[in-house]
Structures are given as C-alpha cells and as structure tokens.
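The values are calculated or read from the model by the stated rules, or taken from the named source; none is laboratory data. Note that the structure is a prediction, hence the values are computed from the model and not measured. Note that each Cβ is placed from the backbone with ideal geometry, even for glycine, and that neighbours are counted across all protein chains shown. Keep in mind that these areas ignore ligands, DNA and RNA; they rest on the heavy atoms of the full protein, side chains included. Shrake-Rupley method; radii C 1.70, N 1.55, O 1.52, S 1.80 Å.
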Amino acid sequence: MKLLKRIKYYTKTLILIVFIFLHTNCKNNESSDLKTPNKNDAIELKINELLSKMTLEEKIGQTNLRGSSSRVNGELPEELKTAVRNGEIGAFLNVMNLEYVKELQRIAVEESPNGVPLIFARDVIHGFKTIFPIPLGLAASWDAETARKSSEIAAFEASSAGIRWTFAPMLDIARDSRWGRIAESPGEDPYLASILGKAYVEGFQSNDLSNPTSMAACAKHFIGYGAAIGGRDYNTVNMSEPLLRNVYLPPFTAAINNNAATVMTSFNEVNGIPVTGNEFLLKEVLRNELNFNGFTVSDWDSTVEMISHGYARDEKHVAELAANAGLDMEMTSKAYEHHLKILIEENKVSMDELDTMVKNILRIKLKLNLFEDPYIPEDHTGNLYADSHLEEAKKAVIKSAVLLKNENILPLSNNTKVAVIGPLANKPHEQLGTWTFDGERDHTITPVDAFKKANAKYEFVEGLTYSRDKTTRGFNDAIRAAKSSDVILFFGGEEAILSGEAHSRSNIDLPGAQVQLLNELAKTGKPIVMVIMAGRPITITNIINKVDAVIMAWHPGTMGGEALYDIIFGISNPEGRLPISWPKNAGQLPYFYNHKNTGRPAETGQFVQMDSIPIGAWQSSLGNDSHYLDIGYAPHFPFGYGLSYTNFKYENISISKDTITFSEDLIVKASITNTGKRDGKELVQLYLQDIVGSITRPIRELKGFQHVDIKSGETKEVSFKISSGDLKFVNSKMINAAEEGKFNLWVGPNASSGLKRSFYLKE
Ligand code: BGC
C-alpha cells in the first residue's frame, strides 16, 4: 500500500508542462443539445458499430484509466505507446506534456485497431492556472453564476493543455469541519449544493461537450464520502436510505439531470458495501432511477481497496464485484486489466456487462466529439491568466468572503496606517488552497502584493513564518510594528496542505502560535482585523474577544490579495454567507443546521453551564437537554450567516394563504430595509419545517434564497413561491412525496433567525 501511495504521490506531483502561449480566439463549434434524440441515435448507432468490431481485449482496454506518463523524463516510453497502439488503454490522467498528449492521441486514432480516441483527465478543481477560491469558498457565494463562471474558465484554460475531463465537481455534503476534504465540498446543505452542482456542470461542459474548450465533468464522490465517521478521511459510512436520498443524493441528481458526463465512485463503503462494488447504488440508484447514461470511474485504487475493506478476497474478486456492480472504468489500479478476460471466459462477468461498460465510455467519447476532432485546436491557447479570468476570480473572492465580526472597524479609511502581520499575509502558494497543481505562485497576488501595488500606508512583519510555526522569535518585531500603526491586519489560518484529501484534523483551532501572537498583539490596544485563510471553519472562540473584526476568506486563490484589499478598504462589500455551520469547537462536530428536533429539543440559549453547577450536585439533568455542558448547543455562527458593511431589517412577512392544496402555490413576502449608511447586498433565505412527518423531519430546511441589492435607506419586498413539490421528502418506504400537515416557514438572514409564519398542506 505504501508503494501505491508513493506512486500516486509522484504521479500527482511530477508534472511536465508544455503550453503554447499564443493569444487567439478559439474555434466555436456549433452548439448541440446532448439530449437531442437524433444526435443520440446517431451516437448509439456508432457505438454499436464500433462495438461489433472491437475484440475482447480492446473492450477491456477502454475500461483502463492510466496514471500519467509525465513521470517519465525524456521520451514517451515505448511500452506505453504499444499499449495505446493495441487499444489497451482508454484514458489517461495527469499527462501534462502537450506533445505526449498529441502523440498518444495520434497513436490511438491512427494506429489502434478501431481508432478509438483517448480522454485526458486531471483534477481541475477550482481553476487550472487562474485559481478561484476553494469550492467551500465558492459555495459561500451562494451564487450559481460564480460557480458556473469559475468552471467555465477552468475548462477553457485546462482544455488548452489537452484536458477534456476533470474530476470535478465534488458534490459531497459535508457536515464535519474536521474532515480535510470539506474544503472541496459544497457545504452542508443539499439545496445549495444542488444549485452549485448544476452550475459547475454547466460551466465545465459549456452545455455542449463537443465544444473543444469544454471538459467532461465528473460528479464525485458517489456517495456518502462526506459522512465518514468522525471526519476521518476514507472512513466508514453508515446511513439510513432516507438520509442518503434526502441529503446526500440531491446534488448528484442535479448534476446528472444536467448531463454530467461521468460519476466517480467513492472510497467509502455505505452500510457495509464499498460503493465501488455496490450494485444497488451504481445500477439501481444511478442508472435506473437517475437515468445516468455517462460512465462511472472508480476513485484512485478504490477498486482494490475493497480488499482492505474486507469485501473482496483478492484482485480477481475485486474485478468481478466492480464489473457486476456497474463500474465502467478503473482508475490506475489494474483489476480489470488483469482479470476481466478470464472472468468473462468463466462467465462470472457477462459479455453484456462488459459491452454496457464500454458503451457508456464510448458514448462520452463521442459526445466529446473526439472521433471527429481528437486534437486540441492549434489556436486554442486557453488565454491563461487572461484579464477577464483574473477579474472573475477576484469577483469570486469578494462574493465568497464572509464577514463574521465587525465592531465598527471595517472598512478602513484610506489613510489608516496598518501593520500587516501573520503567516498568510504573503504566502502565494498557501492562499491557492488544496488541489491546485497548475496555479503558479508568480501569478498569485497576496495581500502584501496588493498593499504594495495600492501604495497603502502599511508595514509588513510576518511574526510567524508559516501557520504551524510555534516559535515566538518574530513576535517582538510584530508588536513593534503594531504599536506604530493604527490598525493590525492579521492574516492567519491554515496552510493549503492542512486541508484536502487525507488531511483531517481533530482540533481545528488556529495552528501553531497564532493565538499566542494574537494575544500579544491585543495587548498593544490597537484594533485587530483578523483575516482567516483556511480550507475549513477554524474554531476561534479562544480569540474572538480579542479581535475587532473577522473575515473568512477561505483559501481565496490567485486574486485573493487584491480582493481582500478592496474589502478591507471598503471598495467592495464582503458578500459571502456561510455554507456550513461554524462550530465553537471540534468536540461539537458533526454539527449541521438541518438536524432533527429530538425528544428534548435544545433550547439553544438556555442551559446550565458546567462552571455554574454546584459542587456535589445531585444527579439530575439540571434541565439541560441535547447540550454540551461547556459550550451549549448552538454553533458559533449559524449556516447562512454573514455580515455586511450595512444593516438590514426584516419586516412585514405575509403569506398568501393559510392552507394550500397539493396543486396550489403559497406566496411568501417580506420587506427588507437597508438601515445602514452604505448600499449593500443581502442574501434573503427561505427555510421550511415540516412539523410532523411519517419519518421525523429536520428543524429547518433551506428551500430558497435571493441576493437583493438594497440601497441605503431603501426597502425592498422579496417574494418566494412554495409549492407541494418543495415539501416532498423520501419517507421510510422510499416514496418521495409531500405529506399533509402543518409547516413552519422563515424568511431571514441565516438558519437561526428570521420572520416566521405557519401554513397547512391539505388534500
Ligand atoms: C481523490 C479524487 C481524485 C483522484 C485523482 C483521489 O485520491 O479522492 O478526488 O479525483 O484521486 O487524482
């Protein structure tokens, strides 16, 4: 296993890049609807024709996704060329040498028996060269257009390097900030994640896979990966089927309904069966229910890991289980390559099964138009780091930055003298975040770069050299700079490597001596603005009272510095809202706003704190319910939360009816007034609660939201429409239906507040 991990590590990190830096327009193919029957018919005919000519070996070859040849310096290895020539490989990942891409593709289309083209894949997760905020940050924008634009630009840039398939979007609902991969997730809410999932797919695939500047999307990791026990990566997942269907499945459904070309099976098991070998999930749910007609791919080694899971006996058994479960393509491991042939001869896997797998793969190759146009157009340079790309990346940071606290300090006035301090103030690589193989430090604008460029009055003293730095050597210098400034700007958080795959943390406080440094800085009496760059919520109850303002910037990407400069000096308003509940401490996890009520619903504000329990107290609940004695129940900041540089007042909620039937709509209205001095944008959120259900229902569920621009002093009326479709859920009989009864609704600024009304749904 160690060897495998090492190989994987080198494959991912040793990259050769050859790009043509020419600025030209790229060819615009005629747009075509992927679901147009005629076109699909033609595709199906072509698939059958190809299949009838392919040998068993060639068919098996299509199921092989091979690791990068870019590990190899110098010439393309002969054995790789031979394998492609023989039709033994269907796709590659991480070939980051354009000449290799071209040559491998040439061999496939010109020299392999049936000229089936290859697909080249890579993890282009939140940008290729121009890096956008990490996906959890993009989720904080609550903005489909931001997600769509970011993935469209990523596809445009990456496709110029020959990449026509990205392993994104990651659509795993994540409810535990200890999990390192929460950084890649769309957050904790299925409604928001579904909107984002659809938008990502639209952006990557440009609504037309045959467009050579698009990439096939890969909805991953199907499914439940975010529910790993204790936030420990790769861990076991146990969940009821209604939970799976109501919370974890919707973003995948949205992506697939929007033509996501591929789906990746997750590392985890669900209720005892690894997903990569899970026939129910891959065939029944994915194919029969969701009508997915692209191809499935395993995650890296997730096939052979079924042996460690204790589900498969050996590699041959792995191939049998995965093929019969409906796994079409195998990433890097070789169970299919080694055993599919014999399994077919032994009738353990049917020829029909293999044909279906190959058809699914060929279908996507055809939709990508690779048979007609296998090469990257010569004039497609990707416009890497184009001004328009950088502008969108900057906008995305502003839309995703969440203002968590502001004691009348932000925005700063132009002539404020600031001490820029902290381990992430000038760390281009760290601010790019997890999964950014291709973003370059030299193109990244840090906060210090932005202050320099703007000619701001600032002094930069790092204080700590990296986020885990425990030395206090730099403290005196930082304190000196703080004393001679008006305001301290502290850029802290986590380095990029502390979140992402296999990087879970049990303690999610600021690492290293950051809290210690902040405490020392607070002693100067100067106001402190803390900007957090991190892949997850960082618990800050230990420092929040010492700082005057907090901005969560996530890992903001290439344009982080400039965007943050604009926010800090009020050129822009921070617009982000939390896509995840922000915990008080890691012991409170998992925490999510859409939890159940329990038999003893927590009164979030009222509990007996442990320090006030009398010594020798008699055994009793003390009136507490589902609390922790030390921190109570509520999160530090609720889902949906985020401040603005102005204030908004919610009033006059009204509903059009007290009772609706299954075919009627309910209109909810509320007025929002900007009571502050600045213009601003409010994210108005609609939540529902189905009070009594045939299975218990969450205390609130997000069912709508709107971004509303409101000028200072202005009042705007916002209205939402609710129909019985919004009230549906999957019950214990797996029926997706709304049930009669009473519902609560709230219109408000986050999941813990809002104006409330109730209504009934009746036949
Ligand atoms: C990750 C996937 C990724 C794949 C290919 C795996 O380790 O779980 O998300 O797409 O590697 O790099």
Rounded to the nearest Å, the spacing of the alpha-carbon centers of the stretch 699-762 and the stretch 323-377 is 44 Å
Counting other Cβ atoms within 10 Å, keep those with at most 12, restrict to DSSP loop, and tell me which GluC sites (Glu not before Pro) in the stretch 275-347 are left. 346
Answer with one residue from 735, 133, 586: the one whose Cα lies farthest towards the positive end of the charge dipole of the chain, charges on Cβ with Lys, Arg +1 and Asp, Glu -1. 586
At most 12 other Cβ within 10 Å, DSSP loop - GluC sites (Glu not before Pro), the stretch 69-145: 75
Cα lying deepest toward the dipole's positive end in the chain, options 481, 576, 617, charges on Cβ: 617
Rounded, prolate or oblate, given the Cα gyration tensor of the stretch 443-491, with a/c below 1.5 counting as rounded? oblate
Count the lysine pairs in the stretch 648-761 whose Cα atoms lie under 12 Å apart, taking only pairs 8 or more positions apart in sequence or on different chains. 11
Only four residue types carry charge here, +1 at the Cβ of Lys and Arg and -1 at the Cβ of Asp and Glu. Report the dipole size of the stretch 393-568 about the Cα centre in Debye, rounded to the nearest 20. 400 debye
Could you tell me which of 524, 406, 421 has its Cα farthest along the dipole of the stretch 393-568 towards the positive end, charges placed at Cβ (Lys, Arg +1; Asp, Glu -1), taken about the Cα centre? 524
Given charges of +1 on the Cβ of Lys and Arg and -1 on the Cβ of Asp and Glu, with all other atoms neutral, how large is the dipole of the stretch 648-761 about its Cα centre, in debye to the nearest 20? 280 debye
Percent carbon-and-sulfur accessible area, the chain, ignoring ligands, DNA and RNA, probe 1.4 Å: 48 percent
Just the number please: accessible area per residue for the stretch 648-761, 1.4 Å probe, all protein chains included, in Å². 46 Å²
Which lysines have a Cα less than 20 Å from the Cα of residue 526, not counting those fewer than 8 places away in the same chain? 405, 417, 457, 483, 546
So if I place +1 on the C-beta of Lys and Arg and -1 on the C-beta of Asp and Glu, and nothing else carries charge, what would the dipole magnitude of the chain be about its Cα centre? I want it in debye, nearest 20. 1920 debye
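Using DSSP to call loops (not H, G, I, E or B), can you name the chymotrypsin sites (Phe, Trp or Tyr not before Pro) in the stretch 607-670 whose Cβ has at most 13 other Cβ atoms within 10 angstrom?
Numbers: sites: 607, 618, 628, 633, 639, 641, 645, 648, 650, 662; in loops: 607, 618, 633, 639, 641, 645, 662.
For chymotrypsin sites (Phe, Trp or Tyr not before Pro) across the stretch 607-670 that sit outside H, G, I, E and B with at most 13 neighbouring Cβ atoms in 10 Å, the list reads 618.
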Any idea of the accessible area per residue across the stretch 455-587, 1.4 Å probe, to the nearest Å²? 31 Å²
